[in-house]
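A quick write-up on the structure given underneath.
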Amino acid sequence: MFIDIKDVSKEYFQNNSTFKALDHVSLQIEKGEFICLLGPSGCGKTTLLNSVAGFEKVNSGSIEIDGKQVLEPCISNVTIFQNYGLLPWRSVQKNVELGLESKKLSKKDRHDIASKYIDLVGLSKFSKSHPSQLSGGMQQRVAIARALAVDPEIIFMDEPFGALDALTRLKMQDEISNIWEQQKKTIIFVTHDIEEAVFLADRIVIMTPNPGKIKSIVSVPLARK
Ligand code: ADP
Ligand code: ADP
């Protein structure tokens, strides 16, 4: 078992009372799985994602990755957000090199690895451009290239395509699906869009709010293939 979420509950303090964002949630995820967390706003998808990523502390239960308890964010995992998180003053090339700067690599190796992933997401012609010169879809592709370049164990994606127009969103879904086919990364992907979940996921974890719970888990064996 790669990711083991055991009986996790998480409460927030809101308006002088406690609010159960996650109520006894358990979920096991295998290496290489593409998991979508699906459900309406407020059902705890982001809270669950952030807890596995180590950004949130849970109140009870435990989360283990590869047998180790998650206590803080791990540098071998990456998160991709809706708002891309690119540095506006850096070129596409330098944005993708960003995650590699913490690794002991020569300047040339950093450059070559970044270029490979920029090529993978189809942006070679734009490596010298700055984020503001690119469309939203292209910016999100830069964020994906930057995430993949560090060769992460797990990619967390929180509504990454939510800010994109419908057509670009479909293209990005295709792209992330193709990348997943090639690289077999473990991906946990938050969405409230059922079509997106069915298209992308191996398994869809359907959540309900008040309190945030897993209602059911659905395997999607034929959606993509
Ligand atoms: P989404 O539904 O897209 O996940 P939300 O707007 O519900 O986004 O919340 C975005 C983030 O804002 C949450 O992940 C959380 O960190 C924070 N947040 C949400 N609700 C509250 C709240 N009532 N008080 C403080 N922070 C909140
Ligand atoms: P989702 O991603 O499914 O929209 P969230 O995990 O963002 O759900 O939030 C679940 C519930 O917890 C929501 O009702 C939200 O308002 C609340 N919440 C999230 N973050 C915080 C926070 N930091 N403080 C207080 N309440 C929060």
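The values are calculated or read from the model by the stated rules, or taken from the named source; none is laboratory data. What you see is a predicted model, and the numbers here were worked out from it, not measured in a lab. These area figures cover heavy atoms from the full protein model, side chains too; ligands, DNA and RNA do not enter into them. Shrake-Rupley method; radii C 1.70, N 1.55, O 1.52, S 1.80 Å.
Shape class of region 83-129 from the alpha-carbon gyration tensor: oblate, with a/c at 1.5 or above and b/c at least as large as a/b. Kirkwood radius and radius of gyration were both taken over the C-alpha atoms of the chain, and their ratio Rg/Rh is 0.98.
Ordered by 1.4 Å accessible area with all protein chains kept, Ile5, Ile65 run largest first as Ile65, Ile5. Sorting Lys171, Lys45, Lys104, Lys184 on solvent-accessible area from highest to lowest, probe radius 1.4 Å, gives Lys104, Lys171, Lys184, Lys45.
In summary, the aspartates and glutamates within cross-link reach of Lys45, defined as a Cα separation below 13 angstrom excluding same-chain residues under 8 places away, comprise Asp23, Glu56, Asp158, Glu159, Asp193. 3J(HN,Hα) along region 197-214: 4, 5, 5, 8, 7, 6, 9, 10, 9, 8, 10, 10, x, 6, x, x, 9, 8 Hz, from the Karplus curve 6.51 cos²θ - 1.76 cosθ + 1.60 with θ = phi - 60°, whole Hz, x for Gly and Pro.
For the chain, the longest principal axis of the alpha carbon atoms and the long axis of helix 136-149 meet at an angle near 90°. Computed over the chain, the per-residue total of -39500 (n - 2.57) for DSSP H runs of n ≥ 4 gives a 222 nm mean residue ellipticity of -9000 deg cm²/dmol, rounded to 500. What pairs in Lys185/Lys213; Lys94/Lys116; Lys103/Lys184; Lys20/Lys185; Lys107/Lys184 have C-alpha atoms more than 24 Å from each other? Pairs exceeding the cut-off: Lys185/Lys213; Lys20/Lys185; Lys107/Lys184. For the chain, find the longest principal axis of its Cα atoms and tell me its angle to the long axis of helix 107-120, 0 to 90°, nearest 10. In the chain, helix 107-120 runs at an angle near 70 degrees to the longest axis.
Ligands, DNA and RNA are left out, and with a 1.4 angstrom probe the accessible area of the chain is 50 Å² per residue.
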